[in-house]
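Working notes, beginning with the structure itself.
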Amino acid sequence: MNKPKYFYRSEPFLTVYEFTSEGPKGSIKKMVQFTDTGTENIYNLAFGDYDEKTKEINDLAVTNNGDSLKVLATVASTVYAFTKKYPNVWIVATGSTNVRTRLYRMGITNNLAEIKEDFDVYAFTFEGNWEEFIVGEDYEAFLITRKDNNFTL
Amino acid sequence: MTIEELNASKVPIIVFDKKLEQFKDKVLFPEKLAKAKEILSKGGLPQRKNKITDNKTWQ
């Protein structure tokens, strides 16, 4: 997405990313990970704060560093990087809380036209079905894949 | 790459960091992974319409 985003680092397989959020609360290290779900070609996307002292991730932290859009744009950018390397994957994402899930929904909504240039976007309803993402609907999870990916189960 | 170039690019230049390899085989977000697996077990993957792909190259 053509939005302000942070530089990030990764490892050669492009499954783990690290960047630093900068804002009024200081510098906060963030980690992004694409994890194999055990279902062929489906990966889970998750991100959160990394505490270098405890070496632990906190995906419930409300950082309030004033840069949530920039953080989301950076995470979205890792999706482009990951799917460029692995074009047949599907990526599922859920929020750690309902509030966080709604934040993701807003992020998708605000950038939907641009996202849909390259990806198909689906959402999991509370009734237990996947449907094409509809603006304004409340969802439990999101799933995207490149438009040119023909892999399915 | 300048920050302006980074922002204009969908796939930025990625800096590799050997330190991050230590996380490669670790599940950093086990609860989210469990939730994703639960959803996939319930819903599988969505049906997709027949698609016509263009060979667009990302910036």
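List of remarks:
- Taking the Cα centre of chain A as origin and assigning +1 to Lys and Arg Cβ atoms and -1 to Asp and Glu Cβ atoms, the resulting dipole is close to 580 debye.
- Excluding same-chain neighbours fewer than eight residues apart, the aspartates and glutamates reachable from B:Lys18 by a Cα-Cα span under 17 Å are A:Glu11, A:Glu18, A:Glu52.
- Low-density loop positions, chymotrypsin sites (Phe, Trp or Tyr not before Pro), the range A:81-153 - DSSP coil, at most 16 other Cβ in 10 Å: A:Phe126, A:Phe151
- Electrostatic bookkeeping for A:Glu56 treats Lys and Arg as +1 and Asp and Glu as -1; over the other residues with beta carbon under 12 Å from its beta carbon, the sum is 0.
- Loop-exposed trypsin sites (Lys or Arg not before Pro) per DSSP, neighbour cap 14 Cβ within 10 angstrom, longest uninterrupted part of chain A: A:56-153
- For the range A:12-145: lysine pairs under 29 Å (alpha-carbon distance), excluding those fewer than 8 apart on one chain: 22
- Interface A:B - total buried accessible surface [probe 1.4 Å, Å², rounded to 100]: 4800 Å²
- The angle separating the long axis of helix A:68-85 from the principal Cα axis of greatest extent in chain A is about 60 degrees.
- Whichever aspartates and glutamates have a C-alpha closer than 19 Å to that of B:Lys42, once near sequence neighbours (fewer than 8 apart) are set aside: A:Asp36, A:Glu40, A:Glu127, A:Glu131, A:Glu132, A:Asp138, A:Glu140, B:Glu31
The values are calculated or read from the model by the stated rules, or taken from the named source; none is laboratory data. Since we're looking at a predicted model, the values are computed, not measured. Cβ sites come from the backbone with ideal geometry, for glycine too, and all protein chains shown count toward neighbours. Please note that ligands, DNA and RNA were not included when accessible areas were found on the heavy atoms of the full protein model with its side chains. Shrake-Rupley method; radii C 1.70, N 1.55, O 1.52, S 1.80 Å.
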